[in-house]
Amino acid sequence: MPLSKTVITKIPFSFLLFLAISAQAQKTEDTTVSRHSYFKFSVNYLTNAVYYGRKDSLVLPYITPAISYHDKSGLYFEGSLSYLAGTGAQIDAAEITTGYVFDSKNGKLSGDVYASKYFTNNSSYSVHGEVKGAIGGSLYYNAGPVSINGGADISFSGKTDAAINFGLSHAFEFGDNKHWAITPSALVNAGTQNFYENYFTNRKFSQRRRRRASSHSHRRG
């Protein structure tokens, strides 16, 4: 039985504990008082690409610059490029996203809805490579001692996948005007993984990958 059949028929769960350290320009509650339009530029480094607990046998580190525009109405637009560092260096993927963020007047409840389109290099070995786009949304509620967040996403590859997530966190703020925060968080998610079957068919065991592996082997010999 192919490996893809043994994993696609299950709905896997994953649980994650992590600690986030961040600097913020102002307290979260203030964002509902003075929202303004702005551009944002960021650069992220990922040591290895993992998507819903799945990854390729090769290590795929990414450097991802992104630029976004956030309108005071709540609408935002973002674009990014992912550069594969190390062996086989190339621009591996690109993403464009549009969405809308909203929050309540008292700052206790906030949310986000989005739609994304993904572009992946044909030679990429990323498990995420067969996903063409996604839509989803999330809600965040500040319950006092803890903050509660949850969301749902639908992604599109050869078949549609659905996923849900739930999390708890608490921010410990410190420094002048509480510009710094440490946020211990616990997250759990579950979803279907049809994209993994497409990855095995079109990338992991594709004729293209076999040819490239054979070519590298001949060069080493």
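The values are calculated or read from the model by the stated rules, or taken from the named source; none is laboratory data. Here the structure is a predicted model, which means the values were calculated and not measured. Virtual Cβ from ideal backbone geometry, glycine too; neighbours counted across all protein chains shown. Each accessible area value is taken on the protein alone, full model and side chains, heavy atoms only, with ligands, DNA and RNA left out. Shrake-Rupley method; radii C 1.70, N 1.55, O 1.52, S 1.80 Å.
The share of accessible area on the stretch 96-135 that comes from carbon and sulfur is 62 percent, using a 1.4 angstrom probe. Scalar couplings 3J(HN,Hα) for the stretch 98-105, obtained by applying the Karplus form with A = 6.51, B = -1.76, C = 1.60 to θ = phi - 60°, are 10, x, 9, 10, 8, 8, 7, 5 Hz; x denotes Gly and Pro. Computed with a 1.4 Å probe over protein heavy atoms only, the accessible surface of the stretch 105-145 comes to 51 Å² per residue. Taken about its Cα centre, the stretch 43-104 carries a charge dipole of roughly 140 debye when the Cβ of each Lys and Arg holds +1 and the Cβ of each Asp and Glu holds -1. For the stretch 38-93, the solvent-accessible area of protein heavy atoms averages 62 Å² per residue (probe radius 1.4 Å; ligands and nucleic acids excluded).
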